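Accompanying notes for the structure given below.
FYI, it's all coordinate maths here, none of it is from the lab. Source: prediction; values computed, not measured. Glycine gets a Cβ as well: all are built from the backbone with ideal geometry, and neighbour counts include every protein chain shown.
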Amino acid sequence: MENLQAYWTKRYEEGRTGWNIGYPSTPIKEYFDQLENKDVKILIPGAGNAYEAEYLFQQGFQDVHVLDIARPPLDAFQKRVPDFPVDQLLHGDFFSQEATYDIIVEQTFFCALEPKPARRKQYAAQMHRLLKMNGKLVGLLFKHPLDLARGRPFGGSLTEYQSYFEEIFDIIYLENCYNSIPPRMGNEYFMVMQKKS
């Protein structure tokens, strides 16, 4: 965790946060808007500035948890949303988390991980572990070809993504995203996956 923590902390301190769009991503916001049960327990890992968490909190969702390996975005979030419960701002490594959730939101976290198949399978397995029975993994994956030389954000293909999840998740939806933000239009898949028992 040390090296990754230092890497991401430095990027925030230097303002190298090209993924920061300054508002909740439209596809995820619209998914939130159709949720009827505001008591669900939600985790946003690798949340960064966590505009999605801020939006949920404003809409009356109280059990929202923000996780990041870097401290600066959590501190910035706390200043921006002072009423948000401090104990729901989690500073740590996603792969060492143990609490369970009804919904986990994927928003520019998967694409930042080391893009080795073993690491991506580990991500899927950890998502499965952290979800309650019938829990859902919801969010966005980049659809550009995986290019190590290009660096982050790392993409992938539909068949590759399916291979990581299909054994342990029911893939309810994994298709081209029709309502991406303009800079990402045509370059994202939207997913809804439900944990298999």
#### Entry: In sequence order, calculated HN-Hα J values of the stretch 72-89 (Karplus, 6.51, -1.76, 1.60; Hz; x Gly/Pro)
x, x, 5, 5, 5, 5, 4, 5, 6, 10, x, 7, 5, x, 4, 6, 9, 9
### Message
Net charge around Arg150, counting only other residues with Cβ within less than 15 Å of its Cβ (Lys, Arg = +1; Asp, Glu = -1)?
### Response
0
### Query
Say each of Leu146 and Glu175 gets a label point 7 Å from the Cα, pointing the same way as Cα to Cβ; how far apart are those two points in nm?
2.5
### Antiparallel DSSP beta bridges within the chain, as percent of all bridges there, nearest 5
50
### Query
Which residues' amide hydrogens lie under 5 Å from the amide hydrogen of Trp19, considering only partners 5 or more residues apart or on another chain, with H built in the peptide plane?
none
### Task
Pick out, from Ala125, Leu90, Tyr173, the residue whose Cα sits farthest towards the positive end of the charge dipole of the chain, with +1 on the Cβ of Lys and Arg and -1 on the Cβ of Asp and Glu.
Ala125
#### Entry: Where trypsin sites (Lys or Arg not before Pro) fall in DSSP loop in the stretch 160-197, at most 16 other Cβ within 10 Å
Lys196
### Message
Could you tell me the extents of the stretch 53-133's C-alpha atoms along the three principal axes, largest first, rounded to whole Å?
### Response
39, 30, 19
### Task
Mind giving me the FRET efficiency for Gln34 and Asn187? R0 is 22 Å, r the Cβ-Cβ distance, nearest 0.05 is fine.
0.40
### Task
With no solvent and one equal point scatterer per Cα, compute the Debye intensity ratio I(q)/I(0) for the chain at 0.08, 0.13, 0.17, 0.18 Å⁻¹ and report its log10, rounded to two decimals.
-0.24, -0.66, -1.24, -1.43
### Task
Figure the gain on full extension for Ser157 and Ile21 (residue separation times 0.36 nm, minus the Cα-Cα span) and round it to one decimal in nm.
46.6 nm
### Check: the chain dipole with +1 on Lys, Arg Cβ and -1 on Asp, Glu Cβ, in debye
460
### Query
By the scheme Lys and Arg +1, Asp and Glu -1, what is the net charge of all other residues having a beta-carbon under 11 Å from that of Asn134?
+2
### Query
Once you put a point 7 Å from the Cα of Ala118 and another 7 Å from the Cα of Gln59, both along the Cβ direction, what distance in nm separates them?
3.9
